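Contents: one structure, followed by commentary.
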Amino acid sequence: MTDKPAVVAVIDDDPSIRDALGSLFETVSLKADLFASVEEYLQASKSRLVNCIVLDVRLPGPSGLDFQAQLASSNDETPIVFITAHADIPMSVRAMKAGAIEFLTKPFRHQELLDAVRTGIEHDQSRRAEVQALADLRSRFASLTPRERQMMALLAEGRMTKQIAGETGISAMTVRIHRNQVVSKMGARSTADLVRMADKLGLASSKGQAD
């Protein structure tokens with residue numbers, strides 16, 4: 001969670017619905033950006049963060065379901081809550097199979113929508129935190145020297161100090177120095193923690209790649 005209020009994008013061609021939902025979200029301290037079409041949203045979304053999309057199924061231009069598919073094809077994982085006055089089972093099944101948080105039929109209870117949106121926001125913030133953590137991990141890994149990267153990969157494979165010394169042709173003391181440097185630079189609490197980091201990075205042994 002961040003100090004900034006979460007942002008909900010409402011895409012609905014009915015201005016009365018947009019305004020009503022905008023007011024609803026403001027009552028629970030959620031910032032609402034309102035759009036009449038997918039095109040309007042796309043023009044604005046390039047410059048702003050959105051944590052959840054409340055999306056009408058039937059819209060001028062691309063439908064809500066088409067837009068959901070478009071987002072998926074572009075690897076945009078912003079959570080979607082569908083709302084519609086014209087629901088049918090195949091439509092709702094398609095939306096949910098494609099990853100929608102919820103599919104609500106108008107008229108719906110306000111709390112039902114708020115619960116769905118909060119679930120979407122939590123998913124989005126958790127995903128963004130994981131992405132940031134991995135980016136930070138990759139940045140720390142990039143700060144390692146070639147020898148230290150090799151050392152981290154060998155440690156991740158469970159090699160002991162003497163084994164690493166034998167494989168790399170350096171002394172056990174030098175191995176320990178490199179290991180301590182890797183642990184420090186990566187911000188690991190222990191060798192076991194370093195192994196978990198290596199797993200997240202998808203490391204394989206880089207034998208022979210060090211200077």
Let me confirm something: among 86, 123, 178, 110, which residue is within 30 Å of residue 54 (Cα to Cα) and either over 29 Å from the mean Cα position of the chain (by Cα) or not assigned by TED's automatic domain parsing to the domain that holds residue 48 (or both)? 86
Which residue pairs have Cβ atoms closer than 7 Å, lie 6 or more positions apart in sequence or on different chains, and pair a first residue in the range 104-122 that is within 14 Å of residue 12 (Cβ to Cβ) with a second residue that is assigned to a helix (DSSP H, G or I)? 104/112; 104/113; 104/116
Take the conditions assigned by TED's automatic domain parsing to the domain that holds residue 126 and either within 18 Å of residue 124 (Cα to Cα) or touching a residue at least 12 places away in the same chain (Cβ under 8 Å) (or both) and apply them to residue 44. Does it pass? no
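Quick one: which of 190, 171, 143 is farther than 27 Å from residue 77 by Cβ, surrounded by fewer than 13 Cβ atoms within 10 Å (Cβ to Cβ), of a type in the set (Ser, Thr, Tyr) and in contact (Cβ under 8 Å) with a residue 12 or more places away in the chain?
Details: 190 fails: in contact (Cβ under 8 Å) with a residue 12 or more places away in the chain; 171 fails: in contact (Cβ under 8 Å) with a residue 12 or more places away in the chain.
After ruling out the rest, the residue left standing is 143.
Here's the yes/no breakdown for (1) assigned to a loop (DSSP other than H, G, I, E, B); (2) under 23 Å from residue 86 (Cβ atoms); (3) without any contact (Cβ under 8 Å) to a residue 12 or more places away in the chain:
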| residue | (1), (2), (3) |
| --- | --- |
| 13 | yes, yes, no |
| 20 | no, yes, yes |
| 25 | no, no, no |
| 29 | yes, no, no |
| 32 | no, no, no |
| 49 | yes, no, no |
| 54 | no, yes, no |
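The values are calculated or read from the model by the stated rules, or taken from the named source; none is laboratory data. Because the structure is a prediction, the values reported are computed rather than measured. Positions of Cβ are generated from backbone atoms using ideal geometry, with glycine treated the same way; all protein chains shown enter the neighbour counts.
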